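Laboratory data are not the source of any read-out in this text; all were calculated from the coordinates shown. These figures come from a predicted structure and were not determined experimentally. Here the Cβ positions follow ideal geometry from the backbone for every residue, glycine too, while neighbour counts run over all protein chains shown.
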Amino acid sequence: MQSVQASSQLLDEPYESATFGQEPDVYRSVSRAAVASLVLGVLGFTSIPFLVLWLLPLFGFVFGLIAIYSFRKYPEELLGRPIAYSGLVLCGLLCVISPAYHSYVYMTEVPDGYTRTSFELLKSGYGKPDQPTEAALKLDGMKVFITGYIHPTSMDTVKAKRFILVPDLGTCCFGGQPPLTHMIEVSLAGDLYAAKSYRKQRLAGTLHVNPILKPVDGLTGVYYQLRADILK
């Protein structure tokens with residue numbers, strides 16, 4: 001009996017119990033799909049700063065549709081229609097707003113006079129020597145725009161004018177020694193200071209490619225240096 005009841009709950013299906021000779025009592029419960037949709041919708045706000053989390057509202061939208069279908073199939077047994085519709089609307093809006101916001105940022109974030117580049121051009125290929133790529137050598141001395149994350153061990157204070165930029169949150173959050181071509185030593189010009197955080201950094205400045213490793217405290221060294229004029 002317990003296994004039948006558990007499977008019914010997981011599928012948002014009603015569970016009926018009855019004794020011999022009596023009308024069955026319908027067990028009414030809040031739709032789990034509706035709750036999941038609303039929870040994922042709330043968590044989906046994180047997809048605005050982090051596009052990779054766009055999957056949260058997407059899955060939430062799917063759960064919302066499942067909940068609506070369940071309400072039509074079991075109109076008397078399931079509760080939580082307002083929850084389901086709230087989750088469905090919220091997730092639907094975030095599924096549109098988040099990609100639109102990131103597309104707008106991508107199209108407008110590069111300052112005039114700078115060329116967009118990325119770590120994909122700077123990183124050495126799999127199985128190849130960990131040294132500057134041909135594409136990186138061509139960028140030496142150019143004004144570039146690049147995004148990345150602050151390596152946690154490269155800043156001893158809350159704010160600093162120098163730090164190491166790495167390509168992804170995995171390297172950023174877990175620290176350790178990244179591959180040599182996955183690091184850029186950034187020095188900020190003028191009154192610019194960087195605050196220690198895990199958010200994406202947007203920088204524009206002059207890129208320098210060193211033929212030999214430049215020593216860096218706490219790390220093996222770097223080939224790439226960026227003299228940044230702009231920090232977003």
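Cα gyration tensor of segment 85-150, axes a ≥ b ≥ c as square roots of the eigenvalues: rounded (a/c below 1.5), prolate (a/b > b/c) or oblate? Before the final figure, lay out the partial values.
Working: a/c = 4.83, a/b = 2.04, b/c = 2.37.
Oblate is the answer for segment 85-150, as a/c is 1.5 or above yet b/c matches or exceeds a/b.
Between Glu120 and Lys232, residue separation times 0.36 nm minus the direct Cα-Cα distance comes to 38.3 nm. Straight-line cross-link partners of Lys138 among the lysines, defined as a Cα under 18 Å from its Cα and at least 8 positions apart when in the same chain: Lys123. Taking segment 142-161 and a reference point 7 angstrom along Cα→Cβ of Tyr193, the backbone N atoms nearer than 15 Å belong to 155-161. Roughly how tilted is helix 81-108, in degrees to the nearest 10 and between 0 and 90, from the longest Cα axis of the chain? Compared with the principal axis, the helix lies near 20 degrees. DSSP bridge analysis restricted to the chain gives an antiparallel fraction near 75%, rounded to the nearest 5.
Please state the shape class of segment 122-173: rounded when a/c is under 1.5, otherwise prolate if a/b exceeds b/c and oblate if not, all from the C-alpha gyration tensor.
Details: a/c = 2.56, a/b = 1.51, b/c = 1.69.
Because a/c hits 1.5 or more and a/b fails to exceed b/c, segment 122-173 counts as oblate.
Given contacts defined as C-alpha pairs under 8 Å and at least six residues apart, what's the relative contact order of the chain, whole-number percent? Provide the component values of the computation, followed by the final result.
Numbers: 431 pairs, mean separation 34.0, N = 232.
Reported relative contact order: 15 percent.
Between Arg162 and Arg81, the distance separating the two model label sites (each 7 Å from Cα on the Cα→Cβ line) works out to 6.6 nm. Within straight-line reach of Lys200, meaning a Cα separation under 16 Å, sit the following lysines at least 8 residues removed in sequence or on another chain: Lys159, Lys232.
The slack between Leu65 and Ile97, meaning 0.36 nm per residue of separation minus the straight C-alpha distance, is 9.6 nm. Among Leu53, Ala204, Ala34, pick out the residue whose Cα is farthest towards the positive end of the charge dipole of the chain, where Lys and Arg carry +1 and Asp and Glu carry -1 on C-beta, about the Cα centre. After comparing all options, I get Ala204.
Where a ≥ b ≥ c are the square roots of the eigenvalues of the C-alpha gyration tensor, would you call the chain rounded, which needs a/c under 1.5, or, failing that, prolate if a/b is larger than b/c, or oblate? The partial results should precede the final answer.
On the way: a/c = 3.61, a/b = 2.84, b/c = 1.27.
Note, shape of the chain comes out prolate.
Stretching Leu137 away from Thr46 to a fully extended chain increases their span by 29.1 nm, per 0.36 nm per residue minus the current alpha-carbon distance. Each stretch of four or more DSSP H residues adds -39500 (n - 2.57); spread over every residue of the chain, this sum gives -11000 deg cm²/dmol at 222 nm.
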